[in-house]
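The numbers here are math on the coordinates, done by the rules we state, and not lab data. These figures come from a predicted structure and were not determined experimentally. Cβ coordinates were reconstructed from backbone atoms using ideal geometry, including for glycine residues, and neighbour counts include every protein chain displayed.
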Amino acid sequence: MLAKTLARRPNRRQGGAAGAVLVAVAALTLGLLAQSGSPSPSTAVASTTPRPSPIAIPPANASPGPADPSAQPREPSQEPAEPWSPVELPPLAAVATLEPSSSDDAGIPANAAFVLASLTGDPARTIADRLAISPPTEFTVSDGGRPTTVTVKPNVPLAAGGTYRFELRAPDGNVAGSWAFRVRGPVAVTSTIPGDATTNVPLRTGVEITFNQDGIADMADHFSIRPAVTGTFQRHGRTQVFVPAALAPATTYTVTIRKGLTRSGTDLRLPDDVVFRFETDGPSEVRARLVNPATAWMRPGMEGLARLDAGEHSLIWIGTRRVIDAVRLWLW
């Protein structure tokens, strides 16, 4: 079947609506064209709808001040002609003093007492109530010769070689004073390089001994190394170094710092010998010696073959003997 399209003629009502639409479109188009063009004085029409006026945004580096639309952006401020000077705060006024009963370059004695003196006229006992010791240590406060002084005595002897800090608080909780004191103690070795029982030490290494305080006398007269090695001594602060001329490979050396080494100008001494051992790097060697005296036919320089009887051992012993030997050397 063929479909036929029949054309119908619009009636009057439809024609009138189409005409109205065409007129509205034409009027709208003319209005848009009129707004897009430049208005002339004779055709300008004042709008009764208020519009917001533009707001001038100052540049970020401009200084605050009255808005001036005609003003140009200002240049960044220049560096001051004079250099900046540090602000110096006045030192805090001292509230009290704290002095040990005795002291020297090595520190204070373990049974030291301390005299707390008030500098403000306040009773010294009142100030002592705000005194604390670190590490925490209980103490007793007794009256001094004047109301402005008291004696502070720790209840137990102070630890030799330790450092104690006394801190005084103000009534508002702020720190009003602080003092630190080191307690006299014997000379001691704090570390060595190489360490005890160290193996595979390089042949060009030095032997370093670090002490626990300054002013230790030269250790040359109290130092020994076996097997004997020549060398020189150096000092770097609390550390003294023996620089050997040459160390033998695969050799165990024993270093001894003999007791009696003093701190210069004091009676403090090293109370006991300090001994440590180390083994240098190098190929392993087997050394043997004759148990029985040499016979008449043996001569110096003779060479030959020898049989070493090491005995029989299990596979477990063979696999763990190096670890056991290292532990034994460390315990020794």
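Below is a table of values for the structure above.
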quantity: The range 257-299: C-alpha gyration tensor shape, a/c 1.5 cut-off, then a/b vs b/c; calculated: prolate
quantity: ³J(HN,Hα), Karplus 6.51/-1.76/1.60, whole Hz, each residue of the range 247-252, x for Gly, Pro; calculated: 9, 7, x, 6, 10, 8
quantity: Cα-based equivalent ellipsoid of the range 153-223: semi-axis lengths in Å, sorted from largest, via gyration tensor; calculated: 40, 15, 11
quantity: Alpha-carbon centroid distance for the pair the range 162-231 / the range 292-331, whole angstrom; calculated: 41 Å
quantity: Least to most buried among L331, L131 (fewest other Cβ within 10 Å first); calculated: L331, L131
quantity: Other-chain or far-sequence residues with amide H under 5 Å of K259's (modelled H); calculated: D273, V274
